[in-house]
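A short write-up of the structure that comes next.
Quick note: the coordinates plus some simple rules give every number you see, no bench work behind them. Everything numeric in this text was worked out from a predicted model, so none of it was measured. Cβ: placed from backbone, ideal geometry, glycine included. Neighbour counts: every protein chain shown.
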Amino acid sequence: MTMRTSRTIAATLLAGVVTATGLLTGATAAQAEPVTAGTFTMTGDPGDYITGGATYSYDAGAGDQLSIRADDQLRGVYLSINGRNGDWWSMDLKAPAGQQLAVGSYPDATRAPFSGAGAGIDISGNGRGCNTITGSFVVADVAFGPHGYVERLDATFEQHCEGGTPALRGRVVIGNPPPPAPLEFTVTPAADGVFSKLNGKATVSGTVVCNADTTVQLSGLVTQVKNKVIIRGPFSGRVDCVSGETAQWSATADPTGTTPFQRGKVEVTGNAWANDPNYPGETVQVEIPATTVQLTRAPAAVEALM
């Protein structure tokens, strides 16, 4: 009987590494969230390769680390267990393709390919895994939040390696708090800005309002038309936003050509983005609304700093 090695298992776990864009390289879109209250138990028949016929039990309330997430389509969940005794396990449960994981029975589950049409199951760890799996699971309760957040899960499962008779059986129960609201924020440019006759730059400003503490990055373009000449200059900036408060931002645009910004109207456009503090790995992006801004000459003290 050929079994997966720990190196293969490690490669499977790394398939969900988060990229800089906040998306997972696999089928999921959010990092696993630590479980607040949850248990995972399993026991194996004599001859079961994964458990070696032993019983294992883990409890987040007793210091074991459990983390869970759902994929983009809420088709399945991924659970990782790091026991305080050094054990490490992972569990994948997936509904058939085109379905969201819901209360019900999922017979005829297999390990590979999870991209196939049927239900999927894979329980492995401690250096042991199966090349082929048959099994089943029953979901008694499940509730999801935004970005793959798993609020509740109660499922029992059975798994057989390599078509063998010995089985691994167990149950997972997760009870997380209600999901926090996803990050939302708005960026509003001010109606007035200033320009400098010393260097031709324009400074625009505005406000940011958010529903969670975060740092907002801004990037945009200031455009002006004078005497049939189009004057453009990019700007960028950042501002720390505190939930429920109005934050002020300011950014300076340097004209890309030889014509400086001047007194008169300009258009401000752009985008802003921030990491969601409640959902690690999630980046929220909003459009800065196109706004007409009136430029006047900056006071001498301000002009010298532009």
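Skipping prolines and chain starts, which residues have an amide H placed within reach, meaning under 5 Å, of the one on Glu282, given they are 5 or more residues away or on another chain?
Those lying under 5 Å, H to H, from Glu282 are Asp276.
Tell me the label only: which of (i) 1.06; (ii) 0.98; (iii) 1.20 is Rg/Rh (Cα atoms, Kirkwood Rh) as calculated from this structure?
So the calculated entry is the one marked (iii).
If you plug each phi of segment 255-265 into the Karplus form 6.51 cos²θ - 1.76 cosθ + 1.60 with θ = phi - 60°, what whole-Hz ³J(HN,Hα) values come out, in order, with x for Gly and Pro?
Using θ = phi - 60°, the values come out as x, 7, x, 9, 8, x, 5, 9, 4, x, 8 Hz.
Take every DSSP beta bridge whose two residues both sit in segment 185-303, then give the antiparallel share in percent to the nearest 5. Show your work: numbers first, answer last.
Numbers: 46 of 50 bridges.
Beta bridges within segment 185-303, antiparallel portion: roughly 90 percent.
Starting from the 7 Å offset along Cα-to-Cβ, what nm value, one decimal, do you get for the label separation of Ala190 and Thr215?
Output for this residue pair reads 2.3 nm.
Once phi is turned into θ = phi - 60°, what whole-Hz ³J(HN,Hα) does the Karplus curve with 6.51, -1.76 and 1.60 give for every residue of segment 142-155, x standing for Gly and Pro?
Working through the residues one at a time gives 7, 8, 10, x, x, 6, x, 5, 9, 7, 9, 7, 9, 9 Hz.
Over the Cα atoms, compute the radius of gyration (one decimal) and Dmax (the largest Cα-Cα distance, rounded to a whole number) for segment 178-297, in Å.
Looking at segment 178-297, its Cα Rg and Dmax stand at 15.8, 58 Å.
Out of all DSSP beta bridges with both ends in the chain, state the antiparallel percent to the nearest 5. Display every interim value, and only then the final one.
Working: 108 of 113 bridges.
Of the beta bridges lying entirely in the chain, close to 95 percent run antiparallel.
Rounded to the nearest 20 Debye, what is the dipole magnitude of segment 46-156 about its Cα centre when Lys and Arg each give +1 and Asp and Glu each give -1 at the C-beta?
Numbers: 7 positive and 12 negative charges, 35 e Å.
The dipole magnitude comes to about 160 debye.
Let's see if you can work this out: charge +1 on each Lys and Arg Cβ, -1 on each Asp and Glu Cβ, no other charges. What is the dipole magnitude of the chain about its Cα centre, in debye to the nearest 20? Display every interim value, and only then the final one.
On the way: 20 positive and 27 negative charges, 271 e Å.
Here the size comes out at about 1300 debye.
Let me check against my output: what whole-number percent is the relative contact order of the chain, with C-alpha pairs under 8 Å and at least 6 apart?
Details: 848 pairs, mean separation 45.6, N = 306.
15 percent.
Of Thr215, Tyr279, Leu66, which is farthest along the charge dipole of the chain in the positive direction, counting Lys and Arg as +1 and Asp and Glu as -1 at C-beta?
Result: Thr215, furthest along the dipole toward the positive end.
So which GluC sites (Glu not before Pro) in segment 136-212 are both in a DSSP loop and have at most 14 other Cβ atoms within 10 Å of their Cβ?
Values: sites: Glu151, Glu158, Glu162, Glu184; in loops: Glu162, Glu184.
For GluC sites (Glu not before Pro) across segment 136-212 that sit outside H, G, I, E and B with at most 14 neighbouring Cβ atoms in 10 Å, the list reads Glu162, Glu184.
How about segment 238-276: which trypsin sites (Lys or Arg not before Pro) there are in a DSSP loop, with at most 13 other Cβ atoms within 10 Å of their Cβ? Don't jump to the answer; show the numbers that get you there.
Working: sites: Arg238, Arg263, Lys265; in loops: Arg263.
Sites meeting the loop and neighbour criteria: Arg263.
Along the positive direction of the dipole of the chain (beta-carbon charges: Lys, Arg +1; Asp, Glu -1; about the Cα centre), which of Val150, Phe185, Ser236 reaches farthest?
Of Val150, Phe185, Ser236, it is Ser236.
Charges on Cβ only, +1 for Lys and Arg, -1 for Asp and Glu, centred on the Cα centroid of the chain; of Trp249, Met42, Thr203, which one is farthest towards the dipole's positive end?
Ranked along the dipole, the leading option is Thr203.
Using the Karplus curve 6.51 cos²θ - 1.76 cosθ + 1.60 with θ = phi - 60°, what ³J(HN,Hα) values do you get for each residue of segment 80-86, in whole Hz, with x for Gly and Pro?
Result, ordered by residue: 10, 10, 10, x, 5, 8, x Hz.
I need the per residue convex hull volume for segment 30-138, using only the alpha carbons, in cubic angstrom as a whole number.
Working: hull volume 11.8 nm³, N = 109.
Considering the Cα atoms of segment 30-138, their hull volume per residue is 108 Å³.
Let me check I've understood the local charge: for Pro166, count other residues with C-beta under 12 angstrom from its C-beta, Lys and Arg +1, Asp and Glu -1. What total comes out? Could the numbers behind the result be given before it?
Numbers: positive: Arg169; negative: Asp45, Asp48, Glu158, Glu162.
Combined, the nearby Lys, Arg, Asp and Glu give -3.
Quick one: which residues, 5+ away or cross-chain, put their amide H under 5 Å from the amide H of Cys130? H built at 1.01 Å from N.
Result for Cys130 returns Arg4.
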